[in-house]
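The values are calculated or read from the model by the stated rules, or taken from the named source; none is laboratory data. Please read these numbers as outputs of a predicted model, since none were measured by experiment. Neighbour counts are summed over all protein chains in view; Cβ atoms, including those assigned to glycine, are modelled from backbone coordinates with ideal geometry.
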Ligand code: 5GP
Ligand code: MG
Ligand code: MG
């Protein structure tokens with residue numbers, strides 16, 4: 001898989017450092033509360049696990065799955081709910097964990113979903129943020145790294161369902177998706 005990567009952006013060690021930093025921030029910010037962590041499948045699972053190992057707090061965990069890419073490298077603009085949240089979110093303080101925020105449409109969709117479900121408070125935590133790609137005015141509260149406007153894979157992020165298991169985040173060689 002390494003041969004398909006143009007450039008490594010964040011190493012395994014740098015990502016571990018970011019997860020630890022955010023886990024500790026959350027531990028501080030949620031002291032005395034019992035938030036519900038909602039992780040966005042499938043991309044955020046690696047980051048969720050690493051952040052939660054550093055999050056010293058009573059918390060329950062659920063998952064949501066949405067789809068907006070349909071296999072390409074450009075957001076389609078339309079978001080579909082693939083797997084619903086099974087936990088009752090009414091009155092809950094929610095920490096939503098994402099892999100990457102690009103246009104912001106997926107995040108906006110999920111935040112609206114949580115609001116409709118009666119969540120008390122919603123904070124967003126993302127491994128990566130691509131501020132240049134934003135078309136919706138929405139921000140994350142906890143960000144691992146800001147990334148340039150390139151298609152990245154690894155540590156949960158896929159291209160056509162592959163590369164999620166790379167232990168680092170890197171830019172995919174355009175030749176791979178221009179084939
Ligand atoms: P948005 O709705 O913010 O445009 O897109 C968010 C979703 O698109 C992310 O959750 C992620 O699944 C996907 N995405 C956006 N940029 C990238 C990228 O550079 N690489 C990969 N693998 N997925 C991305
Ligand atoms: Mg995602
Ligand atoms: Mg994807």
Near pairs, Cβ below 6 angstrom, 6+ apart or cross-chain, from region 1-23 (under 19 Å from residue 45 (Cβ atoms)) to any residue that is modelled with pLDDT of 95 or more and loosely packed, with under 15 Cβ neighbours inside 10 Å: 12/167
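Return a yes/no flag: does region 158-167 have any residue that is in a helix (DSSP H, G or I), touching a residue at least 40 places away in the same chain (Cβ under 8 Å) and crowded, with 16+ Cβ neighbours inside 10 Å.
First, the residues of region 158-167 that are in a helix (DSSP H, G or I): none.
Within region 158-167 (the criterion being in a helix (DSSP H, G or I), touching a residue at least 40 places away in the same chain (Cβ under 8 Å) and crowded, with 16+ Cβ neighbours inside 10 Å), the answer is no, since none of the residues qualifies.
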Among (1) touching a strand residue (DSSP E or B) at 6+ places or on another chain (Cβ under 9 Å); (2) outside any helix (DSSP H, G or I) - the single one residue 32 does not satisfy: (1)
Conditions (1) modelled with pLDDT under 95; (2) in contact with a strand residue (DSSP E or B) (Cβ under 8 Å, 6 or more places away or on another chain); (3) surrounded by 15 or more Cβ atoms within 10 Å (Cβ to Cβ); (4) not in a strand (DSSP E or B); number of the one not met by residue 75: (2)
Filter result (part of a loop (DSSP other than H, G, I, E, B), surrounded by 12 or more Cβ atoms within 10 Å (Cβ to Cβ) and at pLDDT below 95) within region 43-71: 68, 69
From the options 123, 130, residue that is in contact with a strand residue (DSSP E or B) (Cβ under 7 Å, 6 or more places away or on another chain), away from ligand 3 (no atom under 15 Å from the Cβ) and closer than 26 Å to residue 55 by Cβ: 123
